[in-house]
Amino acid sequence: MTKSKPWLSLGGIGVFAVLLLGVAPLVLTDHWLNNLGKYCCWAIVAVGIGLAWGRGGMLVMGQGVFFALGAYAMAMHLTLETAGDRTPTFMVLYDPLAPLPAFWEPFRSPVVTLLAIVVLPVVLAGILGFALFKRRVKGAYFAILTQALAVALATLVSSTIRETGGDTGLSSFKYFFGFLLNDPANKAMVFLITAALLIVCLLVVWQLYRSRFGELLVATRDAEERVRFLGYDPANIKLVAFVVSALMASIGGAMFVPIVGIITPAEIGAAASILMIAGVALGGRASLFGPALGAMAVGWGQSSLGSTWPEGWTYILGLLFIVVILVLPKGLSSLPARFAAARRRPGEQRAAAPAAAPELAEVKA
Amino acid sequence: MDALIPPLLNGSAQGALLLLAALGLSLTFGQMGVINMAHGEFLMVGAFTAYLVQQVITSSDLSIPVALPVAFVVAGLLGLLLEVGIIQWMYRRPLDTLLVTVGVSLILQQAALQIFPSQGVPVEKPRWLDGQVNILGYSWPLRQVFTILLAAVCVAALAAWLKYSSFGRRIRATVQNRDLAETAGIATRTVDRLTFFVGSGLAGVAGVAASLIGGTNSQMGVQYIIPAFLVVAAGGIGQLKGTIIAAWAVGVALSYFAYWTTGSFAQVLAFILVIVFLQLRPQGLFTVRTRSLV
Amino acid sequence: GCGARAGDDTSSAKTPAASCVDTSGDTIKLGFLNSLTGGMAISEKTVSNVLHMAADEINAAGGIMGKKIQYIQEDGATDWPTFAEKTRKLLTQDCAAAIFGGWTSSSRKAVKPVVEELNGLFFYPVQYEGLEASPNIYYTGATTNQQIIPAMDFLASKGVKKLFLAGSDYVFPRTANAIIKLYAAKLGIQIVGEEYVPLDKDDWTTQVAKIVAAKPDFIFNTINGSSNVGFIKAYYDAGLKADTTPIISVSIAEEEAPAMGHEVTGHYASWNYFQSLKTPTNPKFIESWKAYPNNSGVTSDPMEAAYISLYLYKALVEAAGSFDVDKVNAAAKANTITFDAPEGKVTLNGNNHHISKPAHIGRINAQNQFDIVWASDKFIEPDPYLEGYDWFPADVRKQLVDAAG
Amino acid sequence: MTDDSLIVTDLRVEFSGFVAVDGVSFDAHPGEVRFLIGPNGAGKTTCIDAITGLSAATGSARLGDRELLGRPVHRIVRLGVGRTFQTASVFEELSVLQNLDIAAGLHRRSISLLRARRGVEASIEQALEETGLADELTTPAGILSHGQKQWLEIAMLLVQDARVLLLDEPVAGMSHDERTATGELLQRIAAKRTVLVVEHDMDFMRRFATRVTVLHQGKVLSQGTVAEVQADPQVQQVYLGTAGAATTAAMSVVPDVPIGTQDRTED
Amino acid sequence: MLELTDIDAGYGRTQVLHGVTVPTGKVVAVLGHNGAGKTTLLRLAIGLIKPTRGRVVFDGEDITSLAPSKRVARGMAYVPQGQQAFGQLTTLENLQLVADGRRGGKALIDAQLARFPALEKFATRKAGLLSGGQRQQLAIARALITEPKLLILDEPTEGIQPTIVAEIEHTIVQLAEEGINVLLVEQHIGFALQAAERYVVLASGFVTQTGDGGSAAASTVRAAMAI
Ligand SMILES: Nc1ncnc2c1ncn2[C@@H]1O[C@H](COP(=O)(O)OP(=O)(O)OP(=O)(O)O)[C@@H](O)[C@H]1O
Ligand SMILES: Nc1ncnc2c1ncn2[C@@H]1O[C@H](COP(=O)(O)OP(=O)(O)OP(=O)(O)O)[C@@H](O)[C@H]1O
Ligand SMILES: NC(N)=O
Ligand SMILES: [Mg+2]
Ligand SMILES: [Mg+2]
């Protein structure tokens, strides 16, 4: 492994930042900039999934839960900001006389809201992860459990219509921390915040991946029990990755709300959670850029192909899952390495160097 | 008693349907380690098969009994196709099977939506299932009794097959160590295919039962898949006995919760119950330990 | 970015970008927005198809103001944010002059803020819970006083004393039932139970057991989608019969009934339109539909309301002489827009953007068609905020109207 | 006795009714290569499992004055007890260097985990030299051969600075030269640490053992120097084989003879 | 009986074996250092990996692309390196698995249980709970139950107590005398050369020496291993 490789990735993040923060606002229409902002939200979630699943081996099928924490915290605040001192309109529909549910009150405060977006996922993922990892729940069990959690939360939200807006969700936000949301300049600002957050998340995982923690995480993924015999508690290692990924999901969810203007239980349930994984798988679960780019690609596919050919998009999405996982388990980001290897191969084969160290990059990718 | 007995009876029937849906999974997931998210759509295929059989044999009295084996074979063949086309390349990556089969399930749902009337199709119940029987002074719909009997028959057949045909041994050996099984002379490919055929076929049978209970449409599989997985996990991977108990417990719990709270809260509570249970017993009701490190 | 803030003079920010609708050519772009994938595709595909039929008919007859309709079909994918996104796209990218579609009230509520922000037009074709009137939405399905209240009147006329409410767990049934409970109190009907099950769940056995225990005279059913099938089957299994404990539904129509087989026979439904309706225009509608590719064989109320919506738009534009939203709304204000619909001649109320409708109660026969057993004596004027009904709390109405702005 | 001595007293492990280890006591001290031998199923691996916290046990296993039993696995490791496995287990996707770096990490502060590795630490360098893996620095451990993996495991114990090394059949599958090399390595390691080896290779034991404990059916059958143990008729009967002694000897002795002088079976 | 001719093979992009040809004979020993490619060669012989070049012929039939289970059906048996067993099956089930469908299956099992008393004792224990040596005994028993024509053994005595090692070595010699062919990887050169009719030395995946077992000098073999 060349020492320059991590810095190469850092350069990549730089280019990405320039494209998102500099070029995109100049060349895209408001509509597509807004859509790009939405993809960025999913990309933030995906970066977290890449960390937990790609590097940590925890197939988190319920990121919708953490996405929901951020999204609903934000949405409750924006709803209250819009309603002013009136009861939010939708609540009037079901029980006009009842007061605002108590758990809404703190979200009047912008500071509490921002704190909640960060603290809630950390606490919930901390408790959940601690319970699951200490009990050594892993593999398919972990995947199914987290998925069930997403279903349970989505159903709960759907069935508490007066408290959460139910299946209809929360929408019709007018303000974003004092800024009018329908002003294009403010929309651009929301986009820039989201894109910047995505860059920050990429930087965080970049550092994590090149750190010893990154190696330890891979070690835990591959041989959890063995790690114990090196003096580490794998539960703690996994917990860190899980909590960080939950935090990213929450941030993605929080920014989703002002950008898309609505949050519903469908965005946090099993199907949505699986779609979040689709992008990660497509891009390359264990790579740095793969998850983010994959998530953005899936989002874009949904907006564009889903428009021109909706039935076809469903088939394409289905096939995408199948083909990528089947033939390219390391995602599209492994293609360059594959091509490079294929080109080098013919010479190598004759070289009769059995002890030659195989390419590390390939194994690590 | 009015608050105790009816939910118990209803819940048992609900559990039986869940068991039928989970039974195939206990083979393909429990024994083979394949997380087949398209299992719900195989169930849907079984239900549509019942509809098609009913187009040919118009008397529902006859068509449903005929549909059961036909649905088994049709769904089984579909499963076989899935195994040969996709799953066979993925036995070393069990978690990935989950994602691949999500793709398959999306495709099957959309195909069903386009092939059949979007509103779904009617499947008529046989007339001999009209009416109720009297249990403990409460009338129990015959259809519920039928679901329970059907589940019992399937469980018995499956248990017997696994136990007496030595096939069970071969499945377990294949799953644990493919290479070793191959070199022990087990035709692992045959084992895989047959297991997948039977597991998927059972989903087809469950589909016929489901078609008598709810709607037969492109979305019907979705509601069964996650509960079924939870049931298999809670029962203990590969533990038929555990699956049965878990299915029944979840069914009854759902029913009581729905009786005491609302239909929506019942779903939430049942999920939480299973999640908490699995947290306490991560390996399910019945566990098998080995010394191996992984 | 430093855009407008809450306290600023918002007049500049509120003006939406000038409409990009292109009226120079000989076509006009319209957007159709229906779920063609996901759970609601079950219902919405047909509505999409009937919109296509109406567009083809209008084009064959010369189009709208001489311009052929060029429609852009979008998929809402049973996902409310997608409805919002596609609305935005249709209005700002495709420059559609108006959008038609939606089914669930949730989808409408997702579209509403977007069309209001961008000053677009949305035509919504399904019966709903009322208490809404957006200047940017035209409602061609029934509001509560055109479907639910007549149904309650019908029940009262039948001497119903104990009523059980069964619904899906989302905004329409919840709100509708809140209204039903208010009216029932007025009518002296006792509500003996109220049950909700998630939209995507089929199993109703436990809830039916509760119905058995509650011994109601009648069931008011606001279940939507395929969950109805599970409900009707469980109901039948429990030995509850249409002649002793009938159900009245507001979301089971000709399209849905066949999937329930004979078990739904004898139960009632409240709609404005039935295929069996004898009006001068209905036979042609039915025939055209049966001849249309990919038709479902039967016509139903939501289809008919969607069919109306496109013709209503044509009438509005031609009365306004323009595709401009403000001019169209101004034309509506005159209260003279009518359409000879399959359910009869409907008139648009320019203030609340709903249409007048006849109310009908049908009873499901062995062919899964509806025998009309009751009809309102005249077309009912739309009253989304129930202003003509004193039992509806005035303060709630005020809050809702105020919030709507 | 020093702080780094391993003292096991009355160790007992029971698996749902089956007593795998039944009152075993022994001790091992720095400077010696202690062997634990016995028939298959005698309970050797189970002893190691118990000491390292993998199996629940009663009795006592102390490192110096610290009790090991009852602590979770990773705490025991942190006290300085390291082990290898009967079937080698290393992190297959990580390179040899990364494997070692992780092993070396347990004494680092956890915050330093968030920093990237710079260069190769001296202890790792040294372990690589010791085990002859220096050329394989960047090789993914998964494609090392069986024997190389076993060396890597030993190297990992070295860098984690284990004071007690419990090695479960460390030379199984190695060729004679490799066994010799490994044995010599163990002798060097044992200068400062306590080394406990489980092996069935009697030749290897004869060459490198200082003291030997023989287990049989979960109990200590015999204890002493190599010569004492070999002379014990009970040990011969259940383990070394009396009738089979000749075969065993033939098999084991052959490679024992220095290369070049060993002609008996060659021509 | 088994001919491995001019074999190239490896894992993915790593080539492990380079033009390996194995001499034929009743008992053939494969010798080499750690990582020389012995296991790879044996895995190839039973069919777990396919050569990229070269042929595998058994009993005159080209089986290069035949699945392992089919090879077993034709009379090959394989004991892998590393004490492998089906951990979730009981000891007895491990044996029944291979005895199923064979004539006299019960007797075959009994014969092996008699050979390895530990297996008899723990017949109903899950194989995953057995000790390493017990599992290795189980692996050998499993192979013998199939009454093979060719027995492929990868370090069969690894991890086994001396008394039983003697017993196994005795068995190998005896089986060879009964006419069963053996392909053997063994680190005890002494025994290997004694038992083998022919031997081959691998170093880094290349054949560095072949010869007749009885006559070979351990020293030259060792020298060949070190190349
Ligand atoms: N978890 C367990 N449950 C039941 N029995 C067990 C368990 N672990 C080990 N045993 C039994 O305990 C006995 C001792 O096993 P152990 O692995 O310690 O033997 P060993 O001395 O290491 O043998 P070998 O030399 O073959 O490796 C064996 O009979 C084994 O079957
Ligand atoms: N799955 C694999 N993928 C890549 N390379 C492998 C794999 N398995 C083995 N190798 C490599 O192939 C070479 C030969 O390994 P093999 O296991 O055949 O050696 P061996 O001679 O049996 O050694 P030992 O005596 O240690 O068992 C080694 O260099 C090893 O690194
Ligand atoms: N408006 C409805 N049916 O949701
Ligand atoms: Mg052992
Ligand atoms: Mg080997």
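Computed from the coordinates by the stated procedures, all read-outs in this text should not be read as laboratory data. The structure displayed is predicted, hence computed values, not measured ones. Neighbour counts run over all protein chains shown; Cβ positions are idealised from the backbone, glycine included.
Summary table below
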| read-out | value |
| --- | --- |
| Estimated FRET transfer efficiency when R0 is 30 angstrom, pair E:Asp59-D:Arg207 (beta carbons, to 0.05) | 0.10 |
| Per-residue average of Cβ from other chains inside 10 Å of C:35-45 | 6 |
| On Cα atoms only, tilt of C:282-291 relative to the major axis of chain C in degrees | 80 degrees |
| Exposure proxy ranking, count of Cβ atoms within 10 Å, fewest first, for D:Met202, A:Met61, E:Met1 | E:Met1, D:Met202, A:Met61 |
| Debye, to nearest 20: dipole size of chain D, +1 on Lys, Arg Cβ, -1 on Asp, Glu Cβ | 1100 debye |
| Taking the C-alpha atoms of the range D:93-162, convex hull volume expressed per residue in Å³ | 81 Å³ |
| Eligible aspartates and glutamates near E:Lys121 by straight Cα distance, threshold 16 Å, same-chain separation 8 or greater | E:Glu93, E:Asp110 |
| Dipole-positive endmost among E:Gln194, E:Leu95, E:Leu184 within the range E:76-227 (Cβ charges, Cα centre) | E:Leu95 |
| Placed amide H near D:Val220: partners under 5 Å, 5+ positions off or other chain | D:Ser25 |
| D:Ala116-C:Lys158 pseudo-label distance in nm [points 7 Å out on the Cα-to-Cβ vector] | 7.6 nm |
| Hydrodynamic radius (Kirkwood) for the protein assembly as shown, which is based on Cα pairs only, to one decimal in Å | 35.9 Å |
| Gyration tensor verdict on chain B (Cα atoms; rounded if a/c is under 1.5, prolate if a/b is larger than b/c, oblate otherwise) | oblate |
| Among C:102-115, D:97-110, D:132-145, C:304-317, the order from most to least packed when residues are scored by Cβ within 10 Å on average | C:102-115, C:304-317, D:97-110, D:132-145 |
| Calculated FRET efficiency for the pair B:Tyr164/B:Gln55, C-beta based, R₀ 45 Å, to 0.05 | 0.75 |
| Over chain D: Rg over Rh, Cα atoms, Kirkwood Rh | 0.98 |
| Among D:Leu185, C:Val192, C:Ile42 - extreme Cα towards positive end, dipole of the protein assembly as shown, charges at beta-carbon | D:Leu185 |
| Segment E:Thr124-E:Gln174, extension gain: residue separation times 0.36 nm, minus the distance between their alpha carbons | 15.1 nm |
| Per-residue HN-Hα couplings for the range C:40-57 [Karplus 6.51, -1.76, 1.60; θ = phi - 60°; Hz; x = Gly/Pro] | 7, 4, 3, 9, 7, 4, 5, 4, 4, 5, 6, 5, 4, 4, 4, 4, 4, 4 |
| Amide H contacts of E:Gly32 (H built 1.01 Å from N, under 5 Å, at least 5 apart or other chain) | E:Leu202 |
| D:Gln126/D:Ala56 FRET efficiency (R0 35 Å; Cβ-Cβ; nearest 0.05) | 0.45 |
| Potential extension, C:Ala214-C:Ala185 segment - 0.36 nm per residue separation minus Cα distance | 8.6 nm |
| ³J(HN,Hα) computed for each position of the range D:12-17 - Karplus, 6.51 cos²θ - 1.76 cosθ + 1.60, integer Hz, glycine/proline x | 9, 10, 10, 10, 5, x |
| Pairs of lysine residues in chain A - Cα separation under 15 Å, sequence separation of 8 or more or cross-chain | 7 |
| In nm, spacing of pseudo-spin labels at C:Thr347 and C:Ala330 (7 Å Cα→C-beta vector) | 2.3 nm |
| 10 Å Cβ neighbours from other chains, averaged over peptide E:215-227 | 4 |
| Under 5 Å, built H, 5+ apart or other chain: amide partners of C:Lys68 | C:Thr27, C:Ile28 |
| Whole-number D in µm²/s for chain E (Stokes-Einstein; Kirkwood sum over Cα pairs; 37 °C, 0.692 mPa s) | 185 µm²/s |
| Cα-centre dipole for the protein assembly as shown with unit charges at Cβ (Lys and Arg positive, Asp and Glu negative), debye to 20 | 960 debye |
| Exercise: per-residue mean of other protein chain Cβ atoms within 10 Å, E:32-38 | 6 |
| Length-normalised contact order of the range D:93-162 in % [C-alpha pairs under 8 Å, at least 6 apart] | 56 percent |
| Mean-position separation - Cα centroids, the range C:70-110 and the range E:73-139, in angstrom | 66 Å |
| Separation in nanometres of the label points that stand 7 Å from Cα toward Cβ, at A:Ala340 and A:Tyr94 | 5.5 nm |
| Karplus (6.51, -1.76, 1.60) ³J(HN,Hα), θ = phi - 60°, over the range E:193-210, in Hz, Gly and Pro reported as x | 5, 5, 7, 7, 7, 10, 9, 9, 10, 10, 9, 6, x, 10, 7, 10, 6, 10 |
